[in-house]
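Scroll down for the structure; my scribbles are underneath it.
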Amino acid sequence: MHFFHLLCVILHIKTISSLISFDLTHTIKSTSPIYPGLTPFNFTKTFTSWKKDDSDESYFGAVNTFITSEHFGTHIDAPYHGSNTSWTVEQIPFKRLVSIQALIVDVSKKSSKVDNYHIEIQDLNEEIMKQATEYFVLLFYTGKSKFWPDQDAYAGGSTKEELDFPGLSPELATYLVDKYSEKLVGVGIDTIS
């Protein structure tokens with residue numbers, strides 16, 4: 001079985017003395033959780049062999065094919081995902097993707113009591129939000145990531161009707177756009193999306 005990372009998300013969190021990097025990717029395979037109805041991960045070994053060229057020198061060649069939905073595993077959603085007038089992934093300015101601050105909001109205690117907990121404005125710590133001095137990403141930790149790759153425990157089930165997991169309330173999403181859109185370049189969450 002082949003395991004690999006489709007997307008390596010590295011965040012640099014500024015501390016007093018240095019930058020700390022975190023790899024937030026999950027290893028993916030065909031049994032990894034996926035939003036119902038999307039194309040699941042499929043890896044096919046297309047070609048592997050040793051070859052000889054005209055000079056009788058041999059070399060190894062390998063070609064593989066993988067297919068999956070763009071909304072699978074650890075991934076980035078372009079602003080276009082929710083607005084047809086916004087950036088697609090390749091249009092996002094590079095400076096908004098690297099060496100940015102990350103602020104973490106831990107809602108794991110609340111979301112452990114309510115599977116489909118709606119993260120609210122009151123869950124933000126405004127003192128922490130003031131620490132954002134430049135472009136930043138806001139990461140919501142619900143605790144669901146510890147259940148990866150169990151589809152039922154991570155997402156509530158494998159059909160749309162069974163899905164049950166935490167997420168941002170519409171009020172919080174609107175608040176973040178209205179108040180922080182100049183510096184907030186992304187929101188991350190450890191649930192299916």
C-alpha long axis of helix 170-180 to longest principal axis of the chain, angle in °: 90 degrees
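Would you kindly calculate the mean projected area, averaged across all directions, of the convex hull enclosing the Cα atoms of the stretch 52-163, in square nanometres?
That works out to 13.0 nm².
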Share of alpha-carbon pairs per 10 Å distance bin for the chain, given as whole %: 8, 29, 34, 18, 7, 4, 1, 0
Given LYS113/LYS183; LYS29/LYS144; LYS130/LYS179; LYS109/LYS183, the pairs whose alpha carbons are separated by over 22 Å: LYS113/LYS183; LYS109/LYS183
Relative packing of peptides 25-35, 73-83 - highest average C-beta neighbours within 10 Å first: 25-35, 73-83
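Stretch GLU57-LYS109 to full length: gain in nm at 0.36 nm per residue minus the Cα-Cα span? Kindly include the intermediate steps, with their values, before the conclusion.
Numbers: separation 52, 0.36 × 52 = 18.72 nm, distance 6.15 nm.
That pair, GLU57 and LYS109, stretches by 12.6 nm at full extension.
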Candidate aspartates and glutamates for bridging to LYS160, where Cα separation is under 17 Å - those fewer than 8 sequence places away on the same chain excluded: ASP115, ASP150, ASP152
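Here, each number is a calculation from the coordinates, and none is a lab measurement. Keep in mind that this is a model prediction, so the values were computed, not measured. FYI the Cβ positions are ideal-geometry reconstructions off the backbone, even for glycines, and counts take in every protein chain you see.
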